[in-house]
Amino acid sequence: MSNSIIIGLLQNTAILLAFAMLYESIWVKSEESKSVFLKILMGLSLSAIGVVLMFTPWTLMPGIVFDTRSIMISVSGLFFGPIPTIITMAITGAVRLLIGGNGQYMGLAVIILSGTIGLLWRKFRFDWKNKNYYLELLAMGLIVHLVMSACTLLLPKESIWPTFKTIIGPIIFIYSPATMLLGVVMLKQYKNWQNRNAQIK
């Protein structure tokens with residue numbers, strides 16, 4: 001793995017920590033009564049983080065760049081729900097199309113599918129927080145990023161195999177565990193807030 005990819009991963013990790021802090025400082029505290037305005041505001045805030053991630057990528061080959069937006073958007077679907085996540089998907093998707101390049105359609109598909117998987121996990125695995133949440137989060141991360149690897153089919157024919165071969169290792173050994181770790185951090189924040197709130201009451 002080249003130095004540019006390692007630096008890109010470290011930068012993206014720092015941005016994802018800001019995403020987690022936003023969840024703790026704003027979203028968790030109003031868990032029971034969130035207005036539509038707050039959901040829209042959160043969607044715009046998450047979109048800004050997503051766009052920052054997109055502008056701090058690492059380049060695999062000209063026109064094809066990677067970042068950790070798939071992690072952020074899938075976890076957003078799981079924790080923030082439909083309105084913030086759909087806003088984030090729409091804005092980051094539009095920005096990705098504006099950026100252009102050979103990977104624009106793959107990038108757009110990754111945004112849409114990552115958010116959709118997170119939202120579906122939230123809807124159909126609604127009790128995941130009370131089960132083996134490490135395994136749940138890792139499974140979601142693995143599914144999101146295997147789907148991401150399948151999106152290489154949207155690249156120009158000559159780029160599909162070189163891209164797939166390069167990203168399959170990081171997808172399994174970095175992206176999927178990173179999804180789990182980000183989810184665990186945010187779930188711990190949620191449970192800590194619940195405990196503090198119970199003590200106050």
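The values are calculated or read from the model by the stated rules, or taken from the named source; none is laboratory data. On a predicted model such as this, the values are computed, not experimentally measured, just so you know. Calculation scope for accessible area: heavy atoms of the full protein, side chains included, ligands and nucleic acids excluded. Shrake-Rupley method; radii C 1.70, N 1.55, O 1.52, S 1.80 Å.
Helix by helix, which DSSP H runs in the chain go 20 Å or more along their axis at the Cα atoms and have an average Kyte-Doolittle hydropathy of 1.0 or more? List each step's numbers first, then the result.
Values: long enough: 3-22 (29 Å, 1.73); 36-54 (27 Å, 2.25); 82-99 (25 Å, 1.64); 104-124 (30 Å, 1.08); 133-150 (25 Å, 1.60); 157-170 (21 Å, -0.12); 176-200 (36 Å, -0.29).
Correct list, ordered by number: 3-22, 36-54, 82-99, 104-124, 133-150.
Would you kindly state how much longer the chain becomes between I7 and R196 on full extension, computed as 0.36 nm times their sequence separation minus their alpha carbon distance, in nm to one decimal? If you can, show how the numbers build up before the last one.
Working: separation 189, 0.36 × 189 = 68.04 nm, distance 3.69 nm.
Stretched fully, the I7-R196 segment lengthens by 64.3 nm.
Of [x] 1.18; [y] 0.98; [z] 1.62, which is the value of Rg/Rh (Cα atoms, Kirkwood Rh) derived from the coordinates here?
Here the calculated entry is [y].
Quick check: with the 1.4 Å probe, what order do T92, T56 take by accessible area, largest first?
Numbers: T92 0, T56 35 Å².
Descending order: T56, T92.
With a 1.4 Å probe and all protein chains in place, put W193, W161, W27 in order of accessible area, largest first.
Details: W193 40, W161 155, W27 10 Å².
Largest accessible area first, the list is W161, W193, W27.
Nearest 500 deg cm²/dmol is fine: what mean residue ellipticity at 222 nm does the chain get from its DSSP H runs of n ≥ 4 alone, each adding -39,500 (n - 2.57), divided by its residue count?
Numbers: 8 runs with 146 residues, N = 201.
Taking each H run of at least 4 residues, the total per residue is -24500 deg cm²/dmol.
Can you give the direction-averaged projected area of the convex hull of the alpha-carbon atoms in segment 84-134, in nm²?
On the way: hull surface 16.9 nm².
The directionally averaged projection comes out at 4.2 nm².
Could you tell me whether segment 113-181 comes out rounded, prolate or oblate from its Cα gyration tensor? Rule is a ≥ b ≥ c as square roots of the eigenvalues, rounded for a/c under 1.5, then prolate if a/b exceeds b/c, otherwise oblate. Write down the numbers at each step before the final one.
Numbers: a/c = 4.61, a/b = 1.98, b/c = 2.33.
Cα axes put segment 113-181 in the oblate bin.
Leaving ligands, DNA and RNA out of it, work out the accessible area of I174 with a 1.4 Å probe and give it in Å² to the nearest 10.
50 Å²
Report the full-extension gain for the segment V36 to Y134: residue separation times 0.36 nm, less the Cα-Cα distance, to one decimal in nm. Please list the in-between numbers first.
Working: separation 98, 0.36 × 98 = 35.28 nm, distance 3.06 nm.
This chain segment gains 32.2 nm when fully extended.
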